[in-house]
Amino acid sequence: MPAPSVPSLAESALFIVRKQPVILDSDLAELYGVEIRALNQALKRNADRFPEDFAFLFAAEEWESLRSQSVTLKTGRGHHRKYAPWVFTEHGALQAANILNSPRATAMSVYLIHAFVKMREERVANETVLKRLAEIDKTLLLHDKALRDVYQKLLPLLQPSPAPPRKEIGFHVREGSATYKVKSKKAKS
């Protein structure tokens with residue numbers, strides 16, 4: 001089985017958190033060829049270069065949600081993180097490459113930026129498709145209502161006509177109402 005390429009590694013490390021594409025500090029450190037500890041130390045030393053929209057710590061719930069997605073955890077000490085990781089946005093990942101100042105970090109940041117751009121384009125394409133599907137759904141609902149109205153108007157025409165009244169067999173006398181009036185007795189005063 002061939003080793004995965006650098007661009008595919010960069011793309012697989014990205015995921016969506018708080019409605020934006022991000023990368024974990026451990027994945028970023030692996031791509032840049034440094035230890036997580038060194039990356040986090042550089043981050044702390046240069047905290048003024050990383051505003052909240054460049055890098056942030058996971059909230060406890062987000063971290064637990066991410067950890068619960070790993071179905072099988074390794075046993076033993078030192079295999080898993082105790083603390084929530086730092087998460088880097090596109091700009092934060094580029095800034096991290098600048099502060100690390102290593103040739104590998106600089107080279108890998110190009111692949112990482114391409115992966116962020118590709119993910120952004122895919123999200124825009126998905127949103128466009130979802131918007132178009134919503135429009136189609138709305139149109140179909142309007143057509144459905146119009147078809148129901150047409151069906152309701154055609155329904156009486158589709159029903160078989162009632163059978164004409166049949167002539168009765170035999171002799172029948174049909175008496176009309178009396179042609180005379182009964183006079184009532186008036187009381188004489």
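For the peptides 126-138, 162-174, the ranking by mean Cβ contacts within 10 Å, running from highest to lowest, is 126-138, 162-174.
With a Förster radius of 25 Å applied to the beta-carbon distance between S102 and L57, the computed FRET efficiency rounds to 0.55.
Quick one: if the Förster radius is 41 Å, what FRET efficiency do L154 and A134 give, using the C-beta to C-beta distance and rounding to 0.05? Rounded to the nearest 0.05, the efficiency is 0.85. The local environment of A29, defined by Cβ-Cβ distances under 10 Å, has a net charge of -3 under the rule Lys, Arg +1 and Asp, Glu -1.
Close amide H contacts of V34 (hydrogens built in the peptide plane, cut-off under 5 Å, sequence separation of 5 or more or a different chain): none are found. Taking amide H as placed 1.01 Å from N in the peptide plane, F15 has its amide H under 5 Å from the amide H of V22, each at least 5 places away in sequence or on another chain. The label point for I169 and the one for I16, both projected 7 Å from the Cα toward the Cβ, are 7.7 nm apart.
Couplings 3J(HN,Hα) of the range 55-65, computed from phi: 8, 8, 8, 5, 6, 4, 5, 5, 5, 5, 4 Hz, in residue order, whole Hz [Karplus 6.51 cos²θ - 1.76 cosθ + 1.60, θ = phi - 60°; x for Gly and Pro].
FYI, it's all coordinate maths here, none of it is from the lab. Just so it is clear, the structure is predicted and the values come from calculations on it, not from any experiment. Don't worry about glycine lacking a Cβ; one is built from the backbone with ideal geometry, like all the others, and counts go over all protein chains shown.
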